[in-house]
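Right, one structure below, let's go through it.
The values are calculated or read from the model by the stated rules, or taken from the named source; none is laboratory data. Quick caveat, the model's predicted, so the values are computed rather than measured. Cβ: placed from backbone, ideal geometry, glycine included. Neighbour counts: every protein chain shown.
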Amino acid sequence: MHHPTKLNRVARLFFVLVIFFSFQTIYADSEFRLDQAFGGEWYDAEKSKGNRDDDWLCWASSAANVLAWTGWGTDAGFKTEDDIFRYYSEHWTDHPSGSPRRAWQWWFTGAGSSKKGAKVIKEGGAFWPDVEFPTYKWKSPKGALFRGIGKNKLKRDPYILRKLLEEGYGVALQIVQPQDDGERNSHMITLWGFRYDNNNPFKGILITDSDDDKKAKTAEEADNKLPYYPVTLRDEYWWFEYKGKQWKILAAYALQAKNKKIH
């Protein structure tokens, strides 16, 4: 009877290990981060117990994060994303019906307040009056200063979120949690990156969230976090589990960096 030699056993083990690690390599996650690809750092403007005027300003928080990274905020004389966010809370009503688009429009031009939803209560903004900020809401011309990605555009091209980051845009996301009664909870977060592998170009998202440390006395004392959430494309929407519930990405707001090289 033929018995396998020690050399044969070693060869078989080597073959199994090669197959195993090849499989691991094929399915290993890769990660794209906006700050790593274009420079700068990620930002996490926070709500806090010490500020009673920021409870509903998640849209302003995400707008502040993007302004800080793109340079439109820091080059206007603000040191941090928390400074920018605090400025919004001092000039706008604490109301949930705002949007990063309106926040950025006001930041650039001084306009942006409307009859419904969040309103400007103190004159300000207009830090870049010579820059023409688009007035459209849901158009997405490639290369534009602002791109609005509504639910219809997102359904037609769900991977546009990846493309926006790869093109160097700062991105805020509107996420919603549908309710049984037909209503929905809505929230704004900031998108900083995604993970992918050879078989799945968009496995999950890296985000910052103004609501993840609201018990801190001040925004500066709150922990900055960059959590990862796996996503699933279902019924034409990206879904993920957030605080124990299923939420979907409804829209995206993107702002181009002030300079190609972020410091």
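Taken over the range 203-220, the criterion of being part of a loop (DSSP other than H, G, I, E, B), touching a helix residue (DSSP H, G or I) at 6+ places or on another chain (Cβ under 7 Å) and surrounded by 17 or more Cβ atoms within 10 Å (Cβ to Cβ) is satisfied by 210, 219. For residue 223, the conditions (1) over 30 Å from residue 77 (Cα atoms); (2) surrounded by fewer than 21 Cβ atoms within 10 Å (Cβ to Cβ) all hold with the exception of (1). The sole residue among 103, 60, 76, 68 that is small (Gly, Ala, Ser) and in contact with an Asp or Glu (Cβ under 6 Å, 6 or more places away or on another chain) is 68.
Of these, 89, 97, 48, which one is out of contact with any helix residue (DSSP H, G or I) (no Cβ under 6 Å at 6 or more places or on another chain), among the hydroxyl-bearing types (Ser, Thr, Tyr) and free of Cβ contacts under 8 Å to residues at least 24 places away in the same chain?
Numbers: 89 fails: free of Cβ contacts under 8 Å to residues at least 24 places away in the same chain; 48 fails: free of Cβ contacts under 8 Å to residues at least 24 places away in the same chain.
The conditions single out 97.
Would you check if there is a residue in the range 22-31 being out of contact with any helix residue (DSSP H, G or I) (no Cβ under 6 Å at 6 or more places or on another chain), exposed (fewer than 13 other Cβ atoms within 10 Å of the Cβ), modelled with pLDDT of 95 or more and outside any loop (DSSP other than H, G, I, E, B)? Looking for residues that are out of contact with any helix residue (DSSP H, G or I) (no Cβ under 6 Å at 6 or more places or on another chain), exposed (fewer than 13 other Cβ atoms within 10 Å of the Cβ), modelled with pLDDT of 95 or more and outside any loop (DSSP other than H, G, I, E, B), one finds at least one in the range 22-31, hence yes.
Across the range 221-263, what is the number of residues that are part of a strand (DSSP E or B) and not aromatic (Phe, Trp, Tyr)?
Total meeting the criteria: 16.
Taking (1) touching a Cys at 6+ places or on another chain (Cβ under 8 Å); (2) farther than 22 Å from residue 96 by Cα; (3) of a type outside the set (A, V, I, L, M, F, W, C) in turn, residue 169 satisfies each apart from (1).
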